[in-house]
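Written out below as structure tokens is the structure these notes cover.
The values are calculated or read from the model by the stated rules, or taken from the named source; none is laboratory data. Being a predicted model, the structure only gives us computed values, none of them experimental. Ideal geometry is used to build each Cβ from the backbone, glycine not excepted, and the neighbour counts take in all protein chains shown. Just so you know, the surface numbers come from the protein's heavy atoms only, side chains and all, with ligands and any DNA or RNA stripped out. Shrake-Rupley method; radii C 1.70, N 1.55, O 1.52, S 1.80 Å.
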Amino acid sequence: MTIDNRHPTFPVDPLFIQRWSPRAFTGADMPEGDLLSMLEAAHWAPSSGNLQPWRFSYGLKGSDEWDRYVSFLDDGNQAWAHNAAALIIVVSKTHNVAAGKTEARFTRTHSFDTGAATMALQFQAILMGYHAHPMGGILADRIKSELAIPDEGFVVEAAVAIGRIAAPETLPEKLRLREIPSQRKPLSDVAFRGNFMA
């Protein structure tokens, strides 16, 4: 199977090959219910013993908070993400109270579990005809301050732009050549039978 010039070495469902992170979005609005369906998918991700350490804060294009959410991104990401339909700030909770316990303890997998939930959100977006672009180029301290996220116990992990895909020509010129699904390293570079290999 080949999709958008991507060639998996072993058989996988087309959904995994279709998922990529475009920057060109149409600028069209998204019904809030569509975004809530994506967040619902994230809600059902593997949950670290049902601790569910993920938190999502979002802004929708056309809403009062939209410009503020765009301003949470670094300049490079603002140049294209303002045309997305939604921006999500992804936060993980570092300490949680396990079932049957009363004291909050450090959750070693808080980022891992939040990443899994975010991936579920991305797959739901694809199934609904949208694309999602996670990004680390954010102003984490500003996000914490403006969204009143406590300094202790929470990590601002990333932002995710979601929208309907547009033609690469809608992007600033320097980004157009990058607007193709990326390839991957050989599987043998990242998956090992037996001992770990750097």
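Within the option set ALA116, ALA148, ALA132, ALA158, being small (Gly, Ala, Ser) and in a loop (DSSP other than H, G, I, E, B) holds for one residue only, ALA148. Taking first residues from the stretch 160-177 that are more than 10 Å from HIS131 (Cα to Cα) and polar (S, T, N, Q) and partners that are open to solvent by less than 70 Å² (accessible area, probe 1.4 Å) and in a loop (DSSP other than H, G, I, E, B), the Cβ contacts under 8 Å between residues at least 6 apart in sequence or on separate chains come to THR170/ALA24; THR170/ASN83.
Name the residue that is least open to solvent (accessible area, probe 1.4 Å), counting only residues in the stretch 139-152 that are in contact (Cβ under 8 Å) with a residue 24 or more places away in the chain and under 23 Å from ARG23 (Cβ atoms). Out of the qualifying residues, it is ILE143.
Screening GLY115 on (1) in contact with a Phe, Trp or Tyr (Cβ under 6 Å, 6 or more places away or on another chain); (2) within 20 Å of LEU15 (Cβ to Cβ) shows it passes everything except condition (1). Applying a threshold of 6 Å to beta carbon distances and a minimum spacing of six or more residues, or different chains, the list of pairs starting in the stretch 115-128 at a residue that is within 9 Å of ALA42 (Cβ to Cβ) and ending at one that is of a type in the set (Val, Ile, Thr) reads THR118/VAL90. The criterion of being open to solvent by 50 Å² or more (accessible area, probe 1.4 Å), small (Gly, Ala, Ser) and within 17 Å of the chain's Cα centre (by Cα) holds for GLY136. The residue pairs whose first member lies in the stretch 1-12 and is surrounded by fewer than 10 Cβ atoms within 10 Å (Cβ to Cβ), whose second member is modelled with pLDDT of 70 or more and of a type in the set (A, V, I, L, M, F, W, C), and whose beta carbons are closer than 6 Å, counting only pairs six or more residues apart or on different chains, are THR9/LEU187. If the condition is being part of a helix (DSSP H, G or I) and within 16 Å of ALA158 (Cα to Cα), then the stretch 41-79 contributes ALA42, ARG68, TYR69, VAL70, SER71, ASP75, GLY76, ASN77, GLN78. Flag not set for LYS174, criterion: open to solvent by less than 60 Å² (accessible area, probe 1.4 Å), among the charged types (D, E, K, R) and assigned to a helix (DSSP H, G or I). Of the residues screened, ARG193 is not one that is open to solvent by 70 Å² or more (accessible area, probe 1.4 Å) and closer than 29 Å to LEU51 by Cα.
Scanning the stretch 80-113 for residues that are without any contact (Cβ under 8 Å) to a residue 24 or more places away in the chain, among the basic types (Lys, Arg) and outside any loop (DSSP other than H, G, I, E, B) yields a single hit, ARG105.
Collect the residues in the stretch 15-39 that are of a type in the set (A, V, I, L, M), modelled with pLDDT of 95 or more and either assigned to a helix (DSSP H, G or I) or open to solvent by less than 40 Å² (accessible area, probe 1.4 Å) (or both), keeping them in residue-number order.
So in the stretch 15-39, the residues of a type in the set (A, V, I, L, M) come out as 15, 17, 24, 28, 30, 35-36, 38-39.
Okay, now just the ones that are also modelled with pLDDT of 95 or more, so 24, 28, 30, 35-36, 38-39.
ALA24, MET30, LEU35, LEU36, MET38, LEU39 - these are the residues of the stretch 15-39 that are of a type in the set (A, V, I, L, M), modelled with pLDDT of 95 or more and either assigned to a helix (DSSP H, G or I) or open to solvent by less than 40 Å² (accessible area, probe 1.4 Å) (or both).
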